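Inspection log for the structure reproduced underneath, given as structure tokens.
The values are calculated or read from the model by the stated rules, or taken from the named source; none is laboratory data. What you are looking at is a predicted structure, and each value in this text was computed from that prediction instead of being measured. As a convention, Cβ positions derive from the backbone with ideal geometry for all residues, glycine included, and neighbour counts pool all protein chains shown.
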Amino acid sequence: MSAGLSRVAPAPVRVAGGRWQDDLRAVSMVWRRELIRFSRNRLRIITALVQPVLFLFVLGTGLSSMVSKGLPAGSGNVNFETFMFPGVVGMTVLFTAIFSAVSIVWDREFGFLREMLVAPVRRGALVVGKCLGGATVATSQALIMLVLAGLVGVPYSPVLLATLVGEMALAAVVITSLGIALAARMSQVESFQVVMQMVVLPLFFLSGALFPLKALPAWLAVLTRADPLTYIIDPMRRAVFEHVAASPKLAAAFGARGVTWDGWRVPIGVELGLTAVIGAVLLTIAIATFSRTD
């Protein structure tokens, strides 16, 4: 080597992946991808609102004409549509969140999932990013439904709206985690759609979204208490009835005093805490299932 040349130290080499910064970047990228896909699909945004609007204003109006005859005097602007509003909001979150998981199956069919799986990051980071993206999309979709609150007698109270948004976000995380756990091992969209219908419809109808959870047959009462969505719909309904001019008799008629376990009224904190635990368990299952994906 020439004396005039100095020795240059080799540049340090770092193997990508393994650091929490890499996982955080992966979470951010997957989350942003979900938002971009949602914002570019305007037809999906519009069609996802059709079913909740039909339930609220068509089914709700039809049932209200029958239910109102048995309501106590002095109900004011509170009617069956007011009762259904939290359930319809929960339905919006449920269907949007579970549908967001179908993109995993699409990515598998078109090969994009393979590219994600070979990235030098933990697969759990991909699941968390997917979960946060789906939850953000579902919450954003449900926010549009909150605009219609005044049409069914629900006030635009900042405290009420903030409470509903927080509960909606919690529900979205739980349902998205469930959807990812179901979709992680499926290779066909048709199979996921069948399983989705088998899971989503019982979750919705047993949650008390469309009927009060009181004076039910014993077998049906057990099923409603076992439904995790019940413990999101009920806090939302209790929050709504705390901000409307509903008498105690009217709240009792609608079963808006809360879910009971053998006569014990379950506190809202217990309901939300139980939902958070279920969400953590489902997210763990989703990560474990996704980690075994080929």
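Overview of results
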quantity: Ser75 vs. criteria at pLDDT below 75 and closer than 23 Å to Gly258 by Cα; calculated: yes
quantity: Selected residue (criterion: modelled with the lowest pLDDT) from residues of the stretch 109-125 that are out of contact with any Asp or Glu (no Cβ under 9 Å at 6 or more places or on another chain) and either among the aromatic types (Phe, Trp, Tyr) or surrounded by 22 or more Cβ atoms within 10 Å (Cβ to Cβ) (or both); calculated: Phe112
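Yes/no matrix, rows are residues, columns are (1) modelled with pLDDT of 80 or more; (2) within 14 Å of Phe211 (Cα to Cα); (3) out of contact with any helix residue (DSSP H, G or I) (no Cβ under 9 Å at 6 or more places or on another chain):
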{"site": "Val53", "(1), (2), (3)": "yes, no, no"}
{"site": "Leu56", "(1), (2), (3)": "yes, yes, no"}
{"site": "Gly60", "(1), (2), (3)": "no, yes, no"}
{"site": "Val67", "(1), (2), (3)": "no, yes, no"}
{"site": "Phe85", "(1), (2), (3)": "yes, yes, no"}
{"site": "Val89", "(1), (2), (3)": "yes, no, no"}
{"site": "Leu94", "(1), (2), (3)": "yes, no, no"}
{"site": "Phe99", "(1), (2), (3)": "yes, no, no"}
{"site": "Val105", "(1), (2), (3)": "no, no, no"}
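The rows are residues; the columns are (1) surrounded by fewer than 18 Cβ atoms within 10 Å (Cβ to Cβ); (2) part of a loop (DSSP other than H, G, I, E, B); (3) on the phi > 0 side of the Ramachandran plot.
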site	(1), (2), (3)
Pro202	yes, no, no
Leu213	no, yes, no
Trp219	yes, no, no
Leu223	yes, no, no
Met236	no, no, no
Ala239	no, no, no
Gly279	no, no, no
